[in-house]
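Asks: Following this message is one structure expressed as structure tokens.
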Amino acid sequence: MNKAEKKALVSGNVIVLGIDIAKKNHWARMFSPTGVDAVKPFSFQNSRDGFYRLVPKVLDVKRQ
């Protein structure tokens, strides 16, 4: 399956959340299936506080 076929499978109001997992600091990126960033990529720590930083950003994008 090529990239265009994969994009065609996603429809509606969808935001893709990609997380680059690391030992101490992770990076997250939220974007639409067309590739438009919903927010600027950001880092968060591998901790409870880091998780509590990630969740509000996801919920904020969801409301938009």
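The values are calculated or read from the model by the stated rules, or taken from the named source; none is laboratory data. None of these values were measured; they are calculated from a predicted model. The area values use the complete protein model at the heavy-atom level, side chains included, leaving out ligands, DNA and RNA. Shrake-Rupley method; radii C 1.70, N 1.55, O 1.52, S 1.80 Å.
Asks: With a 1.4 Å probe and every protein chain left in place, tell me how much accessible area Asp20 has, in Å² to the nearest 10.
Replies: 100 Å²
Asks: Moving to a separate point now. Add -39500 (n - 2.57) for each DSSP H run of 4 or more in the chain, then divide by its residues: what number comes out at 222 nm, to the nearest 500 deg cm²/dmol?
Replies: -11000 deg cm²/dmol
Asks: Right, another one. If you consider only alpha-carbon coordinates, what radius of gyration and Dmax does the chain have, in Å?
Replies: In Å, with Rg to one decimal and Dmax whole: 13.2, 38.
Asks: Something else: Apply the Karplus curve 6.51 cos²θ - 1.76 cosθ + 1.60, θ = phi - 60°, to the phi angles in region 54-61 and return the couplings in whole Hz, x for Gly and Pro.
Replies: 5, 4, x, 5, 5, 5, 5, 5
Asks: For the chain, report the accessible area per residue in Å² (1.4 Å probe, heavy atoms, rounded to an integer).
Replies: 81 Å²
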